[in-house]
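This report concerns only the one structure given below.
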Amino acid sequence: MKVLCKVNNIFELNDNSTVERLKKYIRLSDGKLYLERDTEYCVYGILFRDNAPWYYLCLDADDEYPTPYPAELFNITDGRLSSYWKLSTITYPDGTVRPSIVFEEWSKDSSFYERLIDDDPAAISLFEKYRELMDRE
């Protein structure tokens with residue numbers, strides 16, 4: 001799946017309710033993200049927050065892990081879902097349940113993303129493997 005960045009600042013969105021919802025997760029006073037407008041990104045997974053999709057993207061070739069960005073900032077340029085994705089749900093200690101669409105090992109390990117951002121070598125290696133496979137799809 002590939003998406004094209006159309007907006008890189010949440011305050012440029014025309015829907016106030018969307019902006020308010022996104023402000024719960026994006027705490028930048030100016031609302032500007034490091035996304036490049038008119039740049040296409042490969043989606044490495046999808047997370048759902050408040051029933052809305054967020055795309056896991058790597059902004060640079062040397063990123064060791066993807067970061068989620070709200071779908072409202074993008075247009076889909078290639079809507080084919082990765083053949084490596086599985087639907088999963090993660091239940092958090094507060095009872096919140098979040099569905100996601102990610103590769104199989106991630107879908108079965110509720111701590112995978114935390115290990116990935118904590119520089120766990122095994123998690124990084126696994127993500128790099130799937131990143132390369134998805135980049136070629």
(Q) Kindly evaluate Tyr34 against the criterion of being among the hydroxyl-bearing types (Ser, Thr, Tyr), loosely packed, with under 12 Cβ neighbours inside 10 Å and free of Cβ contacts under 8 Å to residues at least 40 places away in the same chain. (A) yes
Q) Got a sec? Which of Val97, Val43 is more than 16 Å from Asn8 (Cβ to Cβ), of a type in the set (A, V, I, L, M) and within 14 Å of the chain's Cα centre (by Cα)? A) Val43
Q. How many residues does the stretch 107-126 hold that are closer than 22 Å to Arg136 by Cα and modelled with pLDDT under 95?
A. 1
Q: Could you identify the single residue in Ser111, Ser82 that is of a type in the set (Gly, Ala, Ser) and more than 30 Å from Arg37 (Cα to Cα)?
A: Ser111
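Name every residue in the stretch 1-31 that is of a type in the set (Val, Ile, Thr) and either more than 19 Å from Tyr56 (Cβ to Cβ) or surrounded by fewer than 13 Cβ atoms within 10 Å (Cβ to Cβ) (or both), in order of residue number. Step through it out loud before you land on a result.
The initial filter retains those residues of the stretch 1-31 that are of a type in the set (Val, Ile, Thr), namely 3, 7, 10, 18-19, 26.
Passing the criteria: Thr18, Val19.
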Q) Hey, Arg27 hits all of (1) part of a loop (DSSP other than H, G, I, E, B); (2) touching a residue at least 12 places away in the same chain (Cβ under 8 Å) but one; which does it fall short on? A) (2)
Q: Give the stretch 23-51 a look and list any residue that's modelled with pLDDT of 95 or more, within 22 Å of Ser100 (Cα to Cα) and out of contact with any Phe, Trp or Tyr (no Cβ under 9 Å at 6 or more places or on another chain), or say none.
A: Glu40, Cys42
Q.
Looking for something at pLDDT 95 or above and touching an Asp or Glu at 6+ places or on another chain (Cβ under 6 Å) - is there at least one such residue anywhere in the stretch 86-105?
A. yes
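The values are calculated or read from the model by the stated rules, or taken from the named source; none is laboratory data. This one's a predicted model, so the numbers in the text were calculated from it and none came from an experiment. Don't worry about glycine lacking a Cβ; one is built from the backbone with ideal geometry, like all the others, and counts go over all protein chains shown.
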